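Notes follow once the structure below has been shown.
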Amino acid sequence: MELLEIKALQSNYLRRLTDDTGIFQHTKFGVPDRTKGYTTDDNSRALIAAVLLYKSNNDTSSLDLIQTYISFIHHSQNEDGSFKNFMDYNRLFIEDKGSEDCLGRTLWALGFALSESCVPDNLQNTCRYMINAALPLLQAVKSPRAMAYAIVGLSYMLETTGALTYAFPYSYEEKGNEAINFLPKKIITNLVDELAARLHMQYGIVKGVDWHWFEDSITYGNAMLPWALLKASRLTGKTDFKETAKESLDFLASKTFAAVGYFKPIGSHGWLHRNGEPALYDEQPIEACETLLAFLEAYKVLGDKAYLYQATLCYQWYLGKNSLGVSLIDPQSGGCYDGIHASGLNLNQGSESIISYSIAHMVMSHE
């Protein structure tokens, strides 16, 4: 697009953080920190990046990444459909069940993988199998972000023809009523509507004259909430979802863009509490990515080019249009630094950071 100079993405760094188990969670500078192991959260995010890479390059190495990340997620799923999150370097999960946010993020990734026809049928079937097992858990979810992540993932499925059925009639494990009841579209549609309605209701309870948000603080994964309502509004046609999404996204923008015209995410060292001031640091790469995705959705749903410009500023945050005035992309490794501290760049280059940049880069390359 004209507003951006899109340079080639160095995807080798993402591959160097990935072994035959999955993607490592953290690094010591540019080297994987094996003591921190792996997470389902990061492998789910990495799946989205790998699908985008494969869609763009159609190369064997990107397909291998997709296979690895889906395999990790499948290994993390419990019999009740939930997902374990943290795994140590010995390939042992160190918890019985991950958070609700982990469930939501995983469904986002699996739903996205189903929306891209480049992903081979057998891998998509594995995604369908895992989603079907996790669906019964969603009605009990209380975390607003878990709801939002799940809405986005399920919406990708509902928007894609054929995403809800196996590429083949059914596997040898599904027979009779089990095959008929697999990924029921009506139930999934109702789930999206119900979860969105709960987000909308919470927003109505919490918002005030000078506070247009879902909670009394703005913390992490913020843009997912209005993004989810924008997705739900497209599927359901409900204007109240769209109105709440617009009002809350505009409010978030008012808190995350500097007056001189660059994106400045709310700092993780203190966040933003009602009637308070946003924490200045630490600025996290994941916020730039998710906010970018929300603004692109707003542009598509609301048709206002201002949202496209704001998405552009989110992308440029990685490239140096930020509070520090320096690029977060290491020109030697292609990695993304872990954020902006008060004292400068966080020189570690963990998986969440390069995944976020990779997603942002590939999405903006096609706008």
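The values are calculated or read from the model by the stated rules, or taken from the named source; none is laboratory data. What you see is a predicted model; the values in this text were computed from it and never measured. With ideal geometry, Cβ positions are generated from the backbone for all residues, glycine too; neighbour counts draw on all protein chains shown. Note: areas computed on protein heavy atoms with side chains; ligands, DNA, RNA excluded. Shrake-Rupley method; radii C 1.70, N 1.55, O 1.52, S 1.80 Å.
So if I check each of 111, 98, which one is modelled with pLDDT of 95 or more, assigned to a helix (DSSP H, G or I) and either touching a Lys or Arg at 6+ places or on another chain (Cβ under 9 Å) or not hydroxyl-bearing (Ser, Thr, Tyr) (or both)?
Only one candidate qualifies: 111.
Might you check whether a residue that is exposed (fewer than 15 other Cβ atoms within 10 Å of the Cβ), assigned to a helix (DSSP H, G or I) and either over 21 Å from the mean Cα position of the chain (by Cα) or among the acidic types (Asp, Glu) (or both) occurs anywhere in the range 254-265?
yes
Based on what the data block shows, is residue 350 farther than 19 Å from residue 267 by Cα and small (Gly, Ala, Ser)?
No: the conditions fail for residue 350.
Can you name the residue in the range 114-126 that is open to solvent by less than 20 Å² (accessible area, probe 1.4 Å) and assigned to a helix (DSSP H, G or I) and is also nearest to residue 355 (Cα to Cα) among such residues?
114
So, restricting to helices (runs of 4 or more DSSP H) that lie completely within the range 271-367, which ones have at least 2 residues that are among the charged types (D, E, K, R)?
285-302
Taking the condition of being surrounded by 13 or more Cβ atoms within 10 Å (Cβ to Cβ) and free of Cβ contacts under 8 Å to residues at least 60 places away in the same chain, how many residues in the range 87-103 meet it?
Residues flagged as surrounded by 13 or more Cβ atoms within 10 Å (Cβ to Cβ) and free of Cβ contacts under 8 Å to residues at least 60 places away in the same chain within the range 87-103 amount to 8.
If the requirement is being among the hydrophobic types (A, V, I, L, M, F, W, C) and open to solvent by 20 Å² or more (accessible area, probe 1.4 Å), which of these qualifies: 292, 308, 296, 313?
308
Within the range 234-247, work out how many residues are surrounded by fewer than 24 Cβ atoms within 10 Å (Cβ to Cβ) and of a type in the set (Gly, Ala, Ser).
Qualifying residue count, the range 234-247: 1.
Filter the range 276-289 down to residues that are in contact (Cβ under 8 Å) with a residue 60 or more places away in the chain and open to solvent by 10 Å² or more (accessible area, probe 1.4 Å), then give me how many there are.
The qualifying residues number 7.
Identify, please: which residue in the range 127-159 is hydroxyl-bearing (Ser, Thr, Tyr) and more than 16 Å from residue 232 (Cβ to Cβ) and is, among those, least open to solvent (accessible area, probe 1.4 Å)?
Going through the qualifying residues, I end up with 143.
If residue 243 satisfies every condition in (1) more than 19 Å from the chain's Cα centre (by Cα); (2) assigned to a helix (DSSP H, G or I); (3) more than 18 Å from residue 205 (Cβ to Cβ) but one, which is the exception?
(3)
Can you tell me which of (1) assigned to a helix (DSSP H, G or I); (2) buried (at least 21 other Cβ atoms within 10 Å of the Cβ); (3) not polar (S, T, N, Q) is the one residue 163 doesn't meet?
Answer for residue 163: the failing condition is (1).
Considering only the range 72-81, I want to know if a residue exists there that is closer than 19 Å to residue 119 by Cα and open to solvent by less than 20 Å² (accessible area, probe 1.4 Å).
Scanning the range 72-81, I find at least one residue that is closer than 19 Å to residue 119 by Cα and open to solvent by less than 20 Å² (accessible area, probe 1.4 Å), so the answer is yes.
Search the range 231-240 for residues being in a helix (DSSP H, G or I) and of a type outside the set (Ser, Thr, Tyr), and hand back the single one that is farthest from residue 153 (Cα to Cα).
Only one residue fits best here, namely 240.
Which pairs do you get when a residue that is of a type outside the set (Phe, Trp, Tyr), found in the range 308-322, comes within reach of a residue that is in a helix (DSSP H, G or I) and open to solvent by 40 Å² or more (accessible area, probe 1.4 Å), reach meaning Cβ atoms under 7 angstrom, with the pair 6+ apart or on two chains?
As it stands, the answer is 308/299; 311/299, since those pairs meet every condition given.
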